[in-house]
Structure formats: structure tokens, C-alpha cells
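Peer 1: One structure, as C-alpha cells, below. Some questions next.
The values are calculated or read from the model by the stated rules, or taken from the named source; none is laboratory data. Just so it is clear, the structure is predicted and the values come from calculations on it, not from any experiment. For neighbour counting, all protein chains shown are included, and Cβ atoms are generated from backbone atoms with ideal geometry for every residue, glycine included. Surface accessibility is based on the protein's heavy atoms, side chains included, excluding ligands, DNA and RNA. Shrake-Rupley method; radii C 1.70, N 1.55, O 1.52, S 1.80 Å.
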Amino acid sequence: MHLESALPIVKALADGVNPVTGEQYPEESPYAEPRALRALFAAVDLMQREVEKEKRRERLPANFGKPWSEGEDRAIAVAFDTGVAIPDMARKHARTQGSIRLRLEKLGKLPPSGEARYENRPSAA
């Protein structure tokens with residue numbers, strides 16, 4: 001069972017509700033015991049965070065976090081030299097725009113981010 005499917009069940013138990021029938025559990029139910037309630041609410045919290053994390057991962061490009069190949073390095077270097085925009089390179093290589101920028105920095109095609117910020121700063125003189 002996926003966490004996203006299990007989450008409403010555990011939430012119902014934490015709320016003292018039978019997840020199948022929707023009926024309230026009686027006061028003497030094991031689900032009303034304070035330690036059980038704390039454990040259930042902790043489980044709900046962890047499950048919600050994991051579900052949200054998984055949803056964020058699903059929105060990331062397919063090659064996010066994967067190692068770069070020499071061929072891919074050459075391809076983005078050539079694309080950069082021919083004026084291809086970073087968003088277009090990111091889409092083509094299934095990478096984030098940030099990862100394309102960082103790779104171009106590593107390849108010496110762009111100045112390191114820190115340097116670029118300070119170059120345009122007015123001098124204090």
C-alpha cells in the first residue's frame with residue numbers, strides 16, 4: 001500500500017474514527033489511549049512529510065541528481081557557445097536550470113555564481 005493511500009486511514013484512526021465505517025470509536029478504545037494517540041499523530045506527520053517529498057520529487061526533471069556524462073558536458077558547452085538559452089538546455093537534458101548553470105560554471109563557460117554577484121557591485125571607494 002502506498003503512503004498516500006494509507007495516510008487517510010491512519011488519520012482516521014488518530015481522530016478516533018473507524019476508517020471503514022466512519023463511526024467514532026468508544027472512549028475506552030485503544031485508539032483513545034494517550035500514548036497510542038501521540039504515536040498515531042506522529043505517524044500521520046511523518047507520512048504527510050513523505051507524501052509531500054514524493055510529490056516534489058515527481059515534479060523534478062528525469063535526470064535530476066544523475067551524474068553528467070562527457071557527451072552531455074560537450075553538448076551543453078556547444079549549446080551555450082551557440083547561444084541556446086539555459087531553460088531550453090534544461091528541458092532538452094531533463095535537468096533543472098540551476099544544474100545547467102552550475103555545470104556551465106564547472107566547465108568554465110560561466111563565472112562562478114559568487115563572483116558574478118560581486119563583479120556588478122559598486123565599489124566602496
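Peer 1: Out of all the residues in segment 70-100, which are in a helix (DSSP H, G or I), hydrophobic (A, V, I, L, M, F, W, C) and farther than 21 Å from ARG59 by Cβ? Spell out how you get there, then give the answer.
Peer 2: At the first step, the residues of segment 70-100 found to be in a helix (DSSP H, G or I) are 70-81, 86-93, 97-100.
Now drop any that are not hydrophobic (A, V, I, L, M, F, W, C), which leaves 75-80, 86, 89-90, 100.
Selection gives ALA75, ILE76, ALA77, VAL78, ALA79, PHE80.
Yes/no matrix, rows are residues, columns are (1) under 30 Å from ALA94 (Cα atoms); (2) basic (Lys, Arg):
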position: HIS2; (1), (2): yes, no
position: ALA6; (1), (2): no, no
position: VAL10; (1), (2): no, no
position: VAL17; (1), (2): no, no
position: MET47; (1), (2): yes, no
position: VAL51; (1), (2): yes, no
position: LEU60; (1), (2): yes, no
position: LYS66; (1), (2): yes, yes
position: GLU72; (1), (2): yes, no
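Peer 1: Still on this model: Look at ARG103 and say whether it is open to solvent by 70 Å² or more (accessible area, probe 1.4 Å), in a helix (DSSP H, G or I) and either modelled with pLDDT of 95 or more or out of contact with any Pro (no Cβ under 8 Å at 6 or more places or on another chain) (or both).
Peer 2: Working: open to solvent by 70 Å² or more (accessible area, probe 1.4 Å): no; in a helix (DSSP H, G or I): yes; either modelled with pLDDT of 95 or more or out of contact with any Pro (no Cβ under 8 Å at 6 or more places or on another chain) (or both): yes.
So ARG103 does not fit the description; no.
Peer 1: Only one of these conditions is not met by ILE86: (1) modelled with pLDDT of 95 or more; (2) open to solvent by 60 Å² or more (accessible area, probe 1.4 Å). Which number is it?
Peer 2: (2)
Peer 1: Check off (1) over 28 Å from the mean Cα position of the chain (by Cα); (2) in a helix (DSSP H, G or I) for ALA43 and give me the number that stays unchecked.
Peer 2: Of the numbered conditions (1) over 28 Å from the mean Cα position of the chain (by Cα); (2) in a helix (DSSP H, G or I), the odd one out for ALA43 is (1).
Peer 1: What pairs come out if I take residues in segment 76-98 that are among the polar types (S, T, N, Q) and pair them with residues that are exposed (fewer than 15 other Cβ atoms within 10 Å of the Cβ) whose C-beta lies under 9 Å away, six or more apart or interchain?
Peer 2: That search, which allows pairs on different chains as well, returns THR96/LEU60; THR96/PHE64; GLN97/PRO87.
Peer 1: From the list ARG56, ARG49, which residue is under 12 Å from LEU7 (Cβ atoms), in a helix (DSSP H, G or I) and either touching a residue at least 60 places away in the same chain (Cβ under 8 Å) or open to solvent by 100 Å² or more (accessible area, probe 1.4 Å) (or both)?
Peer 2: ARG49
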